[in-house]
Every structure is written in structure tokens, then in C-alpha cells.
Amino acid sequence: MSEALARLTIECLGRRGEGISRGERGLVFVPYALAGETVLAEIEGERGRLVEIESPSPDRIDPYCPHFSVCGGCAVQALAPEAYARWKQDLVSVALRRAGIDAEVAPLVDAHGEGRRRATFHIRADASGRPVVGFMQARAHAIVAIAACPLLAPALAKAIATVGALATALGAGAKPLDALVTATESGLDIDLRGHGPLDPRQRQSLVRIGRDRDLARLSNHGEIVLVQREPLLAMGRASVVPPPGTFLQATAAGEERLAAEVCAALSGAGRIADLFAGIGTFALRLAAEARVHAVDCDAAALAALAKATHFPEAKPVTVETRDLFRRPLAREELDRFDGVVLDPPRAGAELQARALAASAVPLVVAVSCSAQSFARDAAILCAGGYEIGMVVPIDQFRHAPHVEIVATLRRPARKLRATRKLLG
């Protein structure tokens, strides 16, 4: 056996879905190996490349996608469903323990539904100059050409061929091109990124393809090229026309479950702040029962949210364009709310969490896509007197090392009275 080739025993799965071995050389991370397996791997530093599985895990199953282990989208497709659910639940449990939080973590909620309704496809030219459409290769910058992805919703079935046609029309060459595709209720919404400004010939070609392929909307770097129908997204009783390429929960089932948890927790609250509100995933649903103040740094997203608030029986919704990373809502601003939704990007919202910890807000519903930043921010809130309830992990990124989280943090009545007395 060469020095680069080693026999390893895999102890557990890491938070990126790689098998972890602990030995004389320290920790070694082996993608696609599973806990309990004995494997042969080529070692380079702390990274291992799986060569052979000598003793497979009883939880190992056959992956169903031919691109698995080449495409970088899936990390743990060979793990049986029950073991997979435990692993994702443990990602949250371990992060909470490391942050010093004692909280119960619910079993993983499967929110894959029909599949991913949005995806970013990468387009690069091959040696002959023809466009190749696909996803990024695992741990590399190359593109894995794909004709279909089993994780995508049926509404995205024609997306790859359509993106290929658009790229061909643009003469895909040296410039990397990306296509952000969203399946809306009125058809596909595609925003192209990376090409730069279009000349008249290119614009005409894109318009022709968009019409032939019956796209709802087509844009280039956010600039509208074609609208045949407004791309609509239902959010509770409201219908939203999202800005091109805007953030959206990956699956419809995931959005519905997150929103159900948030709305149930805030039932009875009269005045709610939705922080990092985006296009209104929570604000528009909450507005059916409460007054909502929606805050985000994305003015276009807030404009779409505000336009969608005019549905029957909607309570008043106000919007505020504000960078909550640089200028979080202060204690004086927060204290007028009965509840707060805190749904930041992956980095979390440490400064906003600190302001909430100093406030008299009785109820915070925290939503996150990162176990690590969620645990850090929750620890700040708990140190400020909040008590955390059941933490619910929600899986809308099947086979990927990502997990959505929602949890309710309350100030007990005695602590709330004491906080309000202290704050005057």
C-alpha cells in the first residue's frame, strides 16, 4: 500500500456530508464514505478521495442519480432514509450543544414535495465553443453536463434545454454564464447573469426563443427582455410578482411548512416585525391576521411585497428598506412589537440578535438555513432572557448538507415584567 493510500475507519458524517476518520494523521474527511465503513482512500492533507469500500455500512443504498459523486449538488445520496434523517437532525443538535443551548430538536420534516422549484444552471463553452449546461463539479470549477436532475420539480423539466437554447443564441464563449430559473404559477421565469449588455441582434434572438419556449418572463442581469405573463407566486392569500432572480425558498412544500410554523407561533400577536422579509414569504401570510412591518435591504423585493398586500381582509403592512447587518432595529424600535420574525441569510444576524436580547419583545420566531449561525444567534437571545422551545429542522435540500430551522423563543412573563421595568 503506497504512502498516499490508507485504510480508514469512518466514525461519523460531518456537517458537509463527508465521512470523518480519526487516526494517527489526525482527522481525515472522505466525501461519499459513510459512518461505520472501512474504506481505502487516497490522502492529501486532511482530504481523502474514496477509492474502495472494504466494509460497507448497513445504511448504504444505491444512489439513483448517475451524476452522484461527480456533480457537486448531492453529498449523501447513498445514505438510507432513516439514517439520513437522523444525520440532519444531529446537525442541528450538535450545533446547539456547542453553543451551550439545551433544546429539544424535533425529528426532521421532509419538505421536498414535488422538488426544487428554482435552480441556478451554469453554462460554459466546451473545446469546440458549444455551450455546456449543468451544475458545478464536486470540489472543482468544471461543469457537469446534465440532461435532467431528479431533484427538480416537474415544472423545471424543460429548463435545461431552454437554457441551452438561450446560451447558444448568445454565442456562449469565454464568459461564464449563469441562468437563475424559477418555476412560477404562470410559467418559467429566467434571469441570465454573466453575459453583460445585449446588442439588438442578441435581444431579438432571446425574445424569439422566450416566445417559442412559452416563458413567462426572461431577463438579463435583472433587465426585462420579455414578459408574456407576470410570473406569479402564491403566498397565503396574496399573489407576488417577484423581481428577477430574487430569493425564494427552494421548494413550495418547504415554504408552506416554514410559514405554517411561523404563523402558528405568532397567532394572536397584533403587531409583528418581519426582519429580512424579502418578497413576503411570512409577512403576506401574517398580514391576514396582524399588522406587519416588513424590513429588508432589497428595495425591489419590498416593492413586490407592498404591491401584493392588497388582498381581501389584509391588515396594514408597512415596509422599510434598511440594511439590518449595519443598522439593526434598536431596542426602542423593537419594543412596540408583540412578536418578531428573524429570518436572516446564512451568515445569521448577530447584531440584530443582540438588539432583540436587550429588548422587551415577548416573542421571537427564528428561521435559519444554517445550524451554526442559528445556534450562535439563539445563544445570544437565551443569554438575554429568552427561553427556546422546540427546534424544528425542515429538509427542502434533499441529499445536500443544508437544513432549514425554525424555533420559537419567548420571554417568560416574570422576566418580561422585569425587563420592561428595567427599561422603564
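Has segment 38-60 got at least one residue that is under 26 Å from Glu404 (Cα atoms) and out of contact with any helix residue (DSSP H, G or I) (no Cβ under 8 Å at 6 or more places or on another chain)? Yes - at least one qualifying residue is present in segment 38-60. In segment 15-31, the residue that is surrounded by the fewest Cβ atoms within 10 Å (Cβ to Cβ) out of those that are touching a residue at least 60 places away in the same chain (Cβ under 8 Å) and not in a strand (DSSP E or B) is Arg16. Looking at segment 176-192, can you tell me whether even one residue there is modelled with pLDDT under 95, in the same structural domain as Ser128 (by TED's automatic domain parsing) and not in a strand (DSSP E or B)? Yes, because at least one residue in segment 176-192 is modelled with pLDDT under 95, in the same structural domain as Ser128 (by TED's automatic domain parsing) and not in a strand (DSSP E or B). One residue is enough: does segment 233-247 have a residue meeting the conditions in contact (Cβ under 8 Å) with a residue 24 or more places away in the chain and assigned to a helix (DSSP H, G or I)? No: segment 233-247 contains no residue that is in contact (Cβ under 8 Å) with a residue 24 or more places away in the chain and assigned to a helix (DSSP H, G or I).
Would you please name the residue that is modelled with the highest pLDDT, looking only at residues in segment 65-100 that are among the hydroxyl-bearing types (Ser, Thr, Tyr) and within 23 Å of Leu152 (Cα to Cα)? Only one residue fits best here, namely Tyr84. Strands (runs of 3 or more DSSP E) fully within segment 97-163 that include at least 2 residues being touching a residue at least 60 places away in the same chain (Cβ under 8 Å): 118-125, 131-136.
Is there a residue being touching a helix residue (DSSP H, G or I) at 6+ places or on another chain (Cβ under 8 Å) and either surrounded by fewer than 18 Cβ atoms within 10 Å (Cβ to Cβ) or not hydrophobic (A, V, I, L, M, F, W, C) (or both) anywhere in segment 72-87?
Step one: filter segment 72-87 for residues touching a helix residue (DSSP H, G or I) at 6+ places or on another chain (Cβ under 8 Å), giving 76, 79.
Filter again for either surrounded by fewer than 18 Cβ atoms within 10 Å (Cβ to Cβ) or not hydrophobic (A, V, I, L, M, F, W, C) (or both), leaving none.
No, because not a single residue in segment 72-87 is touching a helix residue (DSSP H, G or I) at 6+ places or on another chain (Cβ under 8 Å) and either surrounded by fewer than 18 Cβ atoms within 10 Å (Cβ to Cβ) or not hydrophobic (A, V, I, L, M, F, W, C) (or both).
Those helices (runs of 4 or more DSSP H) of segment 299-397 in which 1 or more residues are touching a residue at least 24 places away in the same chain (Cβ under 8 Å), buried (at least 22 other Cβ atoms within 10 Å of the Cβ) and among the polar types (S, T, N, Q) occupy 350-357.
Please find, within segment 193-223, the residue that is surrounded by the most Cβ atoms within 10 Å (Cβ to Cβ) out of those that are among the basic types (Lys, Arg) and either touching a strand residue (DSSP E or B) at 6+ places or on another chain (Cβ under 6 Å) or in a helix (DSSP H, G or I) (or both).
Step one: list which residues in segment 193-223 are among the basic types (Lys, Arg), which gives 193, 201, 203, 208, 211, 213, 217.
Filter once more, keeping what is either touching a strand residue (DSSP E or B) at 6+ places or on another chain (Cβ under 6 Å) or in a helix (DSSP H, G or I) (or both): 193, 201, 203, 208, 211, 217.
Numbers: Arg193: 17, Arg201: 9, Arg203: 16, Arg208: 13, Arg211: 12, Arg217: 24.
Ranking the qualifying residues of segment 193-223, first place goes to Arg217.
Here Leu108 qualifies as assigned by TED's automatic domain parsing to the domain that holds Gly384 and either surrounded by 14 or more Cβ atoms within 10 Å (Cβ to Cβ) or among the small types (Gly, Ala, Ser) (or both). Where residues in segment 224-245 are within 18 Å of the chain's Cα centre (by Cα) and within 13 Å of Ala308 (Cβ to Cβ), which of them is surrounded by the fewest Cβ atoms within 10 Å (Cβ to Cβ)? Residue satisfying both the conditions and the ranking: Pro243. Scanning segment 290-306 for residues that are within 17 Å of Ala234 (Cα to Cα) and out of contact with any helix residue (DSSP H, G or I) (no Cβ under 7 Å at 6 or more places or on another chain) gives Ala301, Leu302, Ala303, Ala304, Ala306. Taken over segment 108-133, the criterion of being among the aliphatic types (A, V, I, L, M) and in contact with a Phe, Trp or Tyr (Cβ under 7 Å, 6 or more places away or on another chain) is satisfied by Val133 alone.
Tally time: how many residues in segment 95-105 are crowded, with 17+ Cβ neighbours inside 10 Å and over 19 Å from the mean Cα position of the chain (by Cα)?
First, pick out the residues of segment 95-105 that are crowded, with 17+ Cβ neighbours inside 10 Å: 95-96, 99, 101, 103, 105.
Now narrow it down to the ones that are over 19 Å from the mean Cα position of the chain (by Cα): 96, 99, 101, 103, 105.
So the answer is 5.
Of the residues Ala161, Ala169, Ala157, only one is in the same structural domain as Arg201 (by TED's automatic domain parsing), closer than 30 Å to Ala238 by Cα and not β-branched (Val, Ile, Thr); which?
Being in the same structural domain as Arg201 (by TED's automatic domain parsing), closer than 30 Å to Ala238 by Cα and not β-branched (Val, Ile, Thr) holds for just one of Ala161, Ala169, Ala157, which is Ala157.
Here the condition is being in contact with a helix residue (DSSP H, G or I) (Cβ under 9 Å, 6 or more places away or on another chain) and either at pLDDT 95 or above or on the phi > 0 side of the Ramachandran plot (or both); of Phe337, Phe325, it holds for Phe325 alone.
The values are calculated or read from the model by the stated rules, or taken from the named source; none is laboratory data. Remember, it's a predicted structure, so these values are computed and weren't measured experimentally. Because the Cβ atoms are built from the backbone with ideal geometry, glycine has one as well, and the counts that use them run over all protein chains shown.
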